[in-house]
Amino acid sequence: MQRREHEVFWRRDGTSFPVEYTCTPVRAKDGELVGSVVTFRDVSEREQLEAQIRQAQKMEAIGQLAGGVAHDFNNLLTVIKGRSELLRRRLRPDAIHSRDFDLIKRTADRAAALVRQLLAFSRKQRLEPRTLDLSAVVAEMSTMLRRMIGEQIELETPTDPAPGHVKADLVQIEQVLVNLAVNARDAMPAGGRLTLRTASVELDDALTRQHPGLRPGPYVRLTVSDTGIGMDADTQGRVFEPFFTTKGPGQGSGLGLSTVYGIVKQSNGSIAVESAPGRGSTFTIHLPRVEEAVDSRAAAGSASPAAPHRPATILVVDDDEAVREVARDLLVEHGYSVLEAADGPEAVRLCEASQEPIDLLLTDVVMPGMTGIELGRRVTSLRPDAKVLHMSGHMATELAPDDLRDAGGEFLPKPFAPDALLTRVQAVLDGRSRRAQVRD
């Protein structure tokens, strides 16, 4: 009978490692126990891999929770922003009331920014990936980063001269650099050195085992190192969790590094941290390397205010009554005729029964019974001249650009400002297709 046990062995240099040993009894022909064979095996790599898998599963579960919370908050913020703007327009100009409405708007905008960070962590934000030279992005950001971290911190940006192209969203990669630089700055209150280094590397089986989710092949590595106060093992285990922070009250939201984690993961990369108290921290990011030429497209601009429009009838579909009503009131106030439905089946019945022309379907995407994408297909089959505009605060993989294109619709993210809704509606009605995400 074998017996398997675990133990910790110590090396001469004082470090330890876990071992698993199996004890097998040795018996004589008459069954008498005469000895045993003990086999020891170093299980460091296995336990490290198991810990990485547990951490990945925990982060995935937190991400799903964060994505669901973000969706619900986006619906609430859509109502708050829309209703406050409607009230502002309906009341007489008044300095006191104007200040109140400005405060509501600024607060809602701050809340929307936090929700976007939650969506980034949960990997449910819409990205606009293009081919980037990561070394060039670091070089272009260096001036701004120097101003941000202050004169007491030295910034070094050694980069690999070999081209290191990646497929990623430029704005989000810049956000990664800013968040990591801010984290490093806060870890060096007395000054120090921040190093951003890029390199083109090849990862083999042994290296990819240290980074769950990666496959062997070519990558671009970005390392961000500081000489700050460092972190203990417990802090490293939670550093990417949303709302986790070691800073004092009011000194940080705890979403900076979780946003970095989500952006990197959604870009098909990996991120890891190495640190020790008093020895600084190093964040290592690997992004898949591509051979495509750099895409020099300019970033998409924001929405312009809505201009006068032609008369149109819009069918608004959303299972959240408050969101549906605020969209209706905004459109009616701007001169549109509006029909309403609480879900997909009701909208289809309305299309079949109504004699009114339907120029545009404005529909939520994630709804019970029938998704907005499926509804768009049903409505355009019944009303071939109708345009489709999807809206959602839950930017999951169901909202991939290919799905929207195949469904023949455009997309507006929640929460949206009234002008963003009106501008987007008019653009779709006028046939000005703009795949760029409209932000408030």
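The values are calculated or read from the model by the stated rules, or taken from the named source; none is laboratory data. Because the structure is a prediction, the values reported are computed rather than measured. Here the Cβ is made from the backbone with ideal geometry for all residues, glycine too, and neighbour counts use every protein chain on show.
General observations
- Candidates 166, 176 - the one that is under 23 Å from the mean Cα position of the chain (by Cα), assigned by TED's automatic domain parsing to the domain that holds residue 222 and part of a strand (DSSP E or B): 166
- Residues of the range 316-347 that are farther than 17 Å from residue 365 by Cβ, buried (at least 17 other Cβ atoms within 10 Å of the Cβ) and among the aliphatic types (A, V, I, L, M): 326, 330, 331, 338, 339.
- Some residue of the range 202-212 being of a type outside the set (A, V, I, L, M, F, W, C) and either modelled with pLDDT of 85 or more or under 22 Å from residue 144 (Cβ atoms) (or both): yes
- Per the listing 77, 103, 86, the residue uniquely more than 22 Å from residue 266 (Cα to Cα), exposed (fewer than 15 other Cβ atoms within 10 Å of the Cβ), modelled with pLDDT of 65 or more and not assigned by TED's automatic domain parsing to the domain that holds residue 24 is 103.
- A residue that is under 23 Å from the mean Cα position of the chain (by Cα), crowded, with 16+ Cβ neighbours inside 10 Å and in the same structural domain as residue 281 (by TED's automatic domain parsing) occurs somewhere in the range 187-199.
- Test: residue 215 is in the same structural domain as residue 153 (by TED's automatic domain parsing), farther than 29 Å from residue 110 by Cα and in contact (Cβ under 8 Å) with a residue 24 or more places away in the chain: no
- A single entry from 338, 316, 366, 348 fulfils the requirement of being in a helix (DSSP H, G or I) and either modelled with pLDDT of 90 or more or more than 30 Å from residue 216 (Cα to Cα) (or both): 348.
- Residue check for residue 140: at pLDDT 80 or above, assigned by TED's automatic domain parsing to the domain that holds residue 263, under 21 Å from residue 183 (Cα atoms) and not in a helix (DSSP H, G or I): no
- Any hit, the range 192-206, residues being assigned to a helix (DSSP H, G or I) and among the polar types (S, T, N, Q): no
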